[in-house]
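Have a look at the structure below, then the notes.
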Amino acid sequence: MNAKTRLVFLTGKRSFILIVWMFICLFASSCSMKKNNGPDFSELVTFSGQQLELLAENTEKILESGNNVNRQGRLLVVPRNLNEDGTLRLIPSRDWVSGFFPGSLWLMYQYTGLPRWKSLAEKYTLRLENEKYTTTTHDLGFMMGCSFGKGYELTGNPAYRDVLIQSARSLITRYNPVVGAIRSWDHNSDKWQYPVIIDNMMNLELLFWASRVTGDPIFSEIAVKHAQTSLASHYRNDFSSYHVIDFDTITGEIRNKHTHQGLHHESAWARGQAWGLYGFTMTYRETGMAEFLNIAERIADFYLSHPNLPEDLIPYWDFNVEPGQGEPRDVSAAAITASALFELGSFIPGKKQFYHEKASAMLASMANKYRSAPGGNQGFILAHSTGHKPHNSEVDVPIMYADYYFLEALGRKNNLDKSNNN
Ligand code: GLY
């Protein structure tokens, strides 16, 4: 090889190496983009659809077998969770979790457009209709908002609208102007005079909606007052939340700051932090009032920077339990939080990317480490949620609301990713 030929050969070899190197870089960056971008939307929607079909099938099998009433004689209508022995637990429409199965079916309809999901969602939604007159719980927002509310958003069915307006009317019967809040529970009246729980923030969405569609400001006025009372009374200096605030109905003063589902009165029950984050983010969306955005941002800071939050971002059931001691996680808290963070990021441009990355990483953890095996867990999508640890109830099991907020978060992420790519 003469000098000239050697030069051409070496230049060609270098170019070849350069081209191969460029391909490696491109491949690596596309892999890491995929990783940073979180889980694959269509794969998870397909998987979730297969699971929810199975859950509906298993629900109907139980009902057809004649086991269709609970101990109080109420008709069982939808799935709630798995019992410790792996059997499926169904609940009546009165249960606070009743809206999440129809809600999940509506989300499947929203994501796929398939008529099959619409008809399933309609069937299970209608089973809850009687609850529109219920005035013994604050949970109507969860129950009716996720079922009829989601259905109305997707179909515009005027019958759903009427059910929702009546539900909002029933909910505001629980408002006490002296306290400035909606009463959460009627149970444990020996302990609490007027308990208001942080979870109640979630039920306000139904009230904001009702004011918008009826033009009557009463619903949103109550919702704003409730949120202000909750902001002033549920939060500690570090922006963690108490679970239950008990008020005096004559003076409106706080009597007790308690927990019901957390580790102890001064602890930060994981799902309570998630409800507060989601609830105040939604209340900011509905009102534009800066105080609600500020608290939501502080709650997110508390949650995301907590030293006991595991690396995979799925919290223990309470932030105050000792990490690494085998305490159960609460996947539901992570699902609610992920969904809330996607929305919160859209209100705080400087933190949008940070929240998006955290929420996407939470979804990736759920999809990779905490989901059911295909065809497993009777059709629930996710495992490892914790309902009420102090009562040893629903510990480390699949629970319907984890699936609902997981699906909602997936949709929010997909919309954000699509708009970022345009
Ligand atoms: N709202 C009741 C709970 O989160 O368990």
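The values are calculated or read from the model by the stated rules, or taken from the named source; none is laboratory data. The model shown is predicted, which means the values in this text are computed figures rather than measured ones. All Cβ positions, glycine included, derive from the backbone under ideal geometry; neighbour counts span all protein chains shown.
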Would you point out the residue of segment 374-397, among those that are touching a residue at least 60 places away in the same chain (Cβ under 8 Å) and closer than 14 Å to SER104 by Cα, that is farthest from the ligand (Cβ to nearest atom)?
-> GLY379
Just one of ILE218, ILE182, ILE250, ILE254 is among the hydrophobic types (A, V, I, L, M, F, W, C) and without any contact (Cβ under 8 Å) to a residue 24 or more places away in the chain; which is it?
-> ILE254
Residues of segment 103-119 being crowded, with 21+ Cβ neighbours inside 10 Å and over 16 Å from ALA402 (Cβ atoms), which ones?
-> TRP106, TYR109, TRP117
Could you figure out which of (1) among the β-branched types (Val, Ile, Thr); (2) under 30 Å from THR251 (Cβ atoms); (3) buried (at least 23 other Cβ atoms within 10 Å of the Cβ) isn't true of VAL78?
-> (2)
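Residue by residue, here is whether (1) closer than 27 Å to HIS388 by Cα; (2) modelled with pLDDT under 50 holds:
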| site | (1), (2) |
| --- | --- |
| LYS34 | no, yes |
| GLY38 | no, no |
| PHE41 | no, no |
| LEU75 | yes, no |
When you scan segment 138-245 for helices (runs of 4 or more DSSP H) that lie fully inside it, which ones turn up with 3 or more residues that are within 16 Å of the ligand (Cβ to nearest atom)?
-> 204-214, 218-234
How many residues of segment 246-267 are surrounded by 15 or more Cβ atoms within 10 Å (Cβ to Cβ), away from the ligand (no atom under 14 Å from the Cβ) and assigned to a loop (DSSP other than H, G, I, E, B)? The answer is 3
Hey, among SER104, SER93, which residue is small (Gly, Ala, Ser), in contact (Cβ under 8 Å) with a residue 24 or more places away in the chain and part of a loop (DSSP other than H, G, I, E, B)?
-> SER93
Per-region count, segment 383-408, residues closer than 14 Å to ARG371 by Cα and assigned to a strand (DSSP E or B) = 3
Residues that are within 27 Å of LEU54 (Cβ to Cβ) and free of Cβ contacts under 8 Å to residues at least 24 places away in the same chain, drawn from segment 335-373 | ALA373
Within segment 210-236, of all residues that are over 25 Å from the mean Cα position of the chain (by Cα) and of a type outside the set (Val, Ile, Thr), the one farthest from GLN193 (Cα to Cα) is GLY215
Quick check: anything in segment 306-316 within 17 Å of the chain's Cα centre (by Cα) and within 15 Å of the ligand (Cβ to nearest atom)?
-> yes
Among all residue pairs at least 6 apart or on different chains, which show Cβ distances below 6 Å where the first residue, located in segment 260-276, is of a type outside the set (Val, Ile, Thr) and the second is modelled with pLDDT under 95 and near the ligand (Cβ under 10 Å from one of its atoms)?
-> none
